[in-house]
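The values are calculated or read from the model by the stated rules, or taken from the named source; none is laboratory data. In this text the structure is predicted, and so the values were computed from the model without any measurement. Note: ideal-geometry Cβ built from the backbone for every residue, glycine included; neighbour counts use all protein chains shown. Calculation scope for accessible area: heavy atoms of the full protein, side chains included, ligands and nucleic acids excluded. Shrake-Rupley method; radii C 1.70, N 1.55, O 1.52, S 1.80 Å.
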Amino acid sequence: AAAAAAAATRVRSARLSHAALRVLLRVVAVPSTTKAWRRQVGRLFGAPPFLASLTRATLPLWARVVNAWLSLETPKAAATLLLSGKMGVTAGVFSSRAQEAEAQADLLRRLAFALWVGEHNQYVGALQGLVIDKLVAAFKYGAALEGWSAAVRWGVQVAA
């Protein structure tokens, strides 16, 4: 009896969340309501359990909501926000390598989700520029590819 009640509660909860997402999609479609939902959708997308909580029923709805949220910014600003490391699982100053790896994996999951929900090639130009900027910065400060010889690193740093 308890298992049946728990299952019924889960089904009811899933139906309510699906209905709430449909209402949110209607609100997102109205341009004058942006101020009402922008911050909340950003917080939900940035919450650590967001990606794990997606279901087969809610995934297409959340995809449209997140795409609408990211489309409020320019592609470069949206990619910068996603790559900033301030969303989802974050690694602190005293975090272990495992925590840092988990934070990077979470960042990649959110970036992949954003690329999946976006329009075709929406973020190509922005990501190319950001990746090149990060590589140049890494070479400038000698953080990239420590196994390279000093002469090769010096040549890249001078060229940058």
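Entry remark, region 82-106: residues being closer than 20 Å to SER71 by Cβ and free of Cβ contacts under 8 Å to residues at least 40 places away in the same chain number 2 in total. Scan region 35-43 and give yes if some residue there is over 24 Å from ASP133 (Cα atoms) and touching a Lys or Arg at 6+ places or on another chain (Cβ under 8 Å), otherwise no. No, the conditions are met nowhere in region 35-43.
Yes/no matrix, rows are residues, columns are (1) more than 17 Å from ASN67 (Cα to Cα); (2) more than 13 Å from the chain's Cα centre (by Cα):
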| site | (1), (2) |
| --- | --- |
| LEU16 | yes, yes |
| TRP37 | no, yes |
| GLN40 | no, yes |
| ALA47 | no, no |
| LEU54 | no, yes |
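Beta carbons closer than 7 Å, at least 6 apart along the sequence or on distinct chains, pair a first residue in region 58-73 that is among the charged types (D, E, K, R) with a second that is surrounded by fewer than 21 Cβ atoms within 10 Å (Cβ to Cβ) for ARG64/LEU25; GLU73/LEU81. Within region 10-33, residues that are in contact (Cβ under 8 Å) with a residue 40 or more places away in the chain reach partners that are open to solvent by 80 Å² or more (accessible area, probe 1.4 Å) and part of a helix (DSSP H, G or I) with beta carbons closer than 7 Å, at six or more positions or on different chains, in the pairs LEU25/ARG64.
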